[in-house]
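Since the structure comes first, as structure tokens, the remarks are kept for the end.
The values are calculated or read from the model by the stated rules, or taken from the named source; none is laboratory data. Every value quoted in this text rests on a predicted model; they were computed, and no experiment measured them. No Cβ is skipped: glycine too gets one built from the backbone with ideal geometry, and neighbour counts run over all protein chains shown.
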Amino acid sequence: MHAILTPFVLSILTAGCAVAAPAPAVGRLQTGEPVAVRVERDADRWELEFVLNGDAPVWMFQRSALLRIGRNPWRPAWWSVQTPGVILDRQGRYDVLRMADGSPVPRRIRIRMTPRAGDLEADYDPALVFSDGAVALYSEQFDVSPLASLEQARALPLDLNGIDLPGGPAEVTWRDRAGPVLFKGQRLDQVTAINADTYVLFGDARTREGRGVTTVIDPGLPTWLGEQLADFTPLVMDYYTARLGPQAGPTPTLMVSWTGPTESLSSMGGSVLPGLISMNFEGEGVLDPEPAALARARWFIGHESAHFWLGSNGLKYEFARDAWITEGGADLMAVRAISAIDPTYDAATELQREVDDCVSLAAGRPVASAGERGDNRAYYACGAVWSLALEGARKERSGGDFFDVIVDLQRRNADDGVLTREEWLSALTRESRDPSLRIGIERMLDEGSADPASEIARLFDRTGVAYRMDAGRIVLAD
Ligand SMILES: [Zn+2]
């Protein structure tokens, strides 16, 4: 079947990454007992039981990102409420539990769940589904907050950072009737945890201890991909460690699921949590190690691994609209790391793609609000372009590359680990000695540019990034 693979199929190859996850700062207001949730698997039957800790007409799910494909909410489709009278639906940007008549939601709610594979926009996938029946669930998908009304739910913004909401993280109990679950590297008969921020694995998959990383790999994953992951990941991690110091936290786990050889598809998705990288592969386009698929897999490993230093761990952004800092930065880190490991790597093509995508996605639209439009790609592309300029400025001023810039930012942010937009833009001014550069980037972020190519060309002119103009298109020099 994959013999009919053509460059066209590979050209629709997608790669998503969920580090731009909102990290709602709502837990601090919690008083008294947390909401308790029991998650239990009995073969194909999954049950959820919520024990709420108060009376409210509406309970909203703090993690309510849409499915990337189709932009639909996933809970109403995958969860079925068993408790009579309780409705689960979408209100504004959030999934909510409510009663049809507006009365308080019962304190105890039972839900039947059907975990599925599905990539979310800028948040962790609810489930990783393995081909041997194992399923890993994202732990924070059960966090709920009580609200006074549906109007309040509808008025909530997409980014909850900095919003005061009652309620906090749920205390979740995980249990599999078939045997122990895998929780943060340990097999446990039953585990209860709050704020775990991880994937909990139900079932076997194929677990292996390796150098500096524990791997949980779907037995159905194409063999070459498994080998790449096992061999290339430690090389990339070693490179980052050499340049940036050890990643914070325990030995990471790499969890890789395989959805199957879906026709005309070649998809890689992934995310990074404290101590865990998750990846999902799907489609006939990744069945064979053709050069394009191999390059994409390596780029993907490089990008996801970078988030241990810039993203979910290490330096974090302040607001979801600042994801260009971490996504674009991780892209450039990946390109630089892969080039160092494999001198034959075609970095120019990857960086050119970033420039082209940024020019088209930033035209007339503010990059900062790209997430609201479902245009998350703009964060990667424009973030990488601006990171390239920051690197260029560094190189011109004192030599060095993007990693040297990151080391400097690590030192300056050692206290809180938050790399704000202001701090990033100040670094550009510091390295370039040209305060006008940040103004151009701020315009693209907040207003959108009528002519992004000229804006970027000017940025490159002043930071020494080599390019030529070809009929209005910026073409990076090798
Ligand atoms: Zn990412």
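Taken over the range 457-466, the residue count meeting the criterion of being touching a residue at least 24 places away in the same chain (Cβ under 8 Å) and in contact with a Phe, Trp or Tyr (Cβ under 9 Å, 6 or more places away or on another chain) is 2.
Working only within the range 441-454, note down all residues that are part of a helix (DSSP H, G or I) and crowded, with 19+ Cβ neighbours inside 10 Å.
Here is the first cut: in the range 441-454, the residues part of a helix (DSSP H, G or I) are 441-446, 452-454.
Across the range 441-454, the qualifying residues are 441, 444, 445, 452, 453.
Return the residues of the range 255-271 that are under 28 Å from residue 186 (Cβ atoms) and more than 15 Å from the ligand (Cβ to nearest atom); say none if nothing qualifies. Residues satisfying the conditions are 255, 256, 257, 258, 259.
Among the residues of the range 209-226, are any assigned to a helix (DSSP H, G or I) and modelled with pLDDT under 85? Walk me through how you get there before you give the answer.
The first filter runs over the range 209-226 and keeps only residues assigned to a helix (DSSP H, G or I), leaving 223-226.
Next, from what is left, pick out any that are modelled with pLDDT under 85: none.
No, the range 209-226 has no match at all.
When the range 91-137 is examined, which residues are found to be on the phi > 0 side of the Ramachandran plot and at pLDDT 95 or above? Within the range 91-137, just 92 meets the criteria.
Taking the options 15, 23, name whichever one is closer than 25 Å to residue 98 by Cα, within 16 Å of the ligand (Cβ to nearest atom) and modelled with pLDDT under 95. Talk me through it step by step, then tell me what you get.
Values: 15 fails: closer than 25 Å to residue 98 by Cα.
Criteria check complete, one pass: 23.
Taken over the range 131-160, the criterion of being crowded, with 17+ Cβ neighbours inside 10 Å and either among the acidic types (Asp, Glu) or closer than 20 Å to residue 68 by Cβ (or both) is satisfied by 135, 136, 137, 138, 140, 141, 143, 158, 159, 160. Residues in the range 281-311 that are surrounded by 24 or more Cβ atoms within 10 Å (Cβ to Cβ) and within 18 Å of residue 380 (Cβ to Cβ): 11 in all.
Counted as qualifying within the range 345-398 are the helices (runs of 4 or more DSSP H) with 1 or more residues that are at pLDDT 95 or above, namely 347-362, 377-398.
Residue 64 meets each of the listed conditions (1) of a type in the set (S, T, N, Q); (2) touching a Phe, Trp or Tyr at 6+ places or on another chain (Cβ under 9 Å); (3) part of a strand (DSSP E or B) apart from (3). Within the range 418-427, being touching a strand residue (DSSP E or B) at 6+ places or on another chain (Cβ under 6 Å) and part of a loop (DSSP other than H, G, I, E, B) holds for one residue alone: 419.
When restricted to residues that are within 13 Å of the ligand (Cβ to nearest atom) and touching a strand residue (DSSP E or B) at 6+ places or on another chain (Cβ under 9 Å), the range 322-361 contains 6.
Collect the residues in the range 132-146 that are out of contact with any Leu (no Cβ under 8 Å at 6 or more places or on another chain) and either among the basic types (Lys, Arg) or not in a strand (DSSP E or B) (or both), keeping them in residue-number order. 132, 133, 139, 140, 141, 143 - these are the residues of the range 132-146 that are out of contact with any Leu (no Cβ under 8 Å at 6 or more places or on another chain) and either among the basic types (Lys, Arg) or not in a strand (DSSP E or B) (or both).
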